[in-house]
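What follows is a single structure, written as C-alpha cells, with notes after it.
The values are calculated or read from the model by the stated rules, or taken from the named source; none is laboratory data. No experiment lies behind these values; they were computed from the predicted model shown. With ideal geometry, Cβ positions are generated from the backbone for all residues, glycine too; neighbour counts draw on all protein chains shown. In case anyone asks, the SASA skips ligands and DNA or RNA and just uses the protein heavy atoms, side chains included. Shrake-Rupley method; radii C 1.70, N 1.55, O 1.52, S 1.80 Å.
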Amino acid sequence: MTRSQALPIRISFVGAVTIGLKGRQLTDAAALKAVGAVALSDDGRHAIDRVTLGRALEAAAGAGLPVLVHAQAEQLGDGPEAEAVAVADALDVLRDVSGARLHIQHVSTRAAVDLLRAAKSEGCR
C-alpha cells in the first residue's frame, strides 16, 4: 500500500490540457488518465482558443475525463464581461462535442450563472 492510500483523504490530480498551460499544443489525455488524472485543466488560464478547446474536449471525452476551464477571457481583462464571454464561448464549443463534460471554474457573475443554467436545460454536461 502506498502512503497516500493509507491517508484518511483522497488525493487526485488534474492534468494540464495544454503543454506548458500555453493554450496551443494538447497534452495526451489518454496517457494522463492512465496515470491517474481525474480531469484536465489549464487552471488560472483561459488562453485556449475555440478550435483548441474543441479538440481538447474531444480528446478528454475519448479518455473519459472532464475539462475544467477558468471563466475569464484574458484579452478582456478580469471584469464581468470577461467572465460572460469565456463561459459563452466554452459552452458554444461544448455543444458541438458529443459526450464531452465541461466544468466552468470560479463562476462569480449572474450572467455566467444564467448561461450555465440555459446550457444545462439544453442537456449540456
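Values for this structure:
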quantity: Within segment 59-76, tally of residues that are touching a His at 6+ places or on another chain (Cβ under 6 Å) and of a type outside the set (A, V, I, L, M, F, W, C); calculated: 4
quantity: Residues being of a type outside the set (A, V, I, L, M), open to solvent by less than 30 Å² (accessible area, probe 1.4 Å) and more than 15 Å from the chain's Cα centre (by Cα) - total across segment 80-125; calculated: 1
quantity: Considering residues of segment 25-50 that are under 19 Å from residue 84 (Cα atoms) and hydrophobic (A, V, I, L, M, F, W, C) only, the residue surrounded by the most Cβ atoms within 10 Å (Cβ to Cβ); calculated: 48
quantity: Count of residues meeting criterion [modelled with pLDDT of 90 or more, more than 10 Å from the chain's Cα centre (by Cα) and open to solvent by less than 30 Å² (accessible area, probe 1.4 Å)] in segment 62-78; calculated: 1
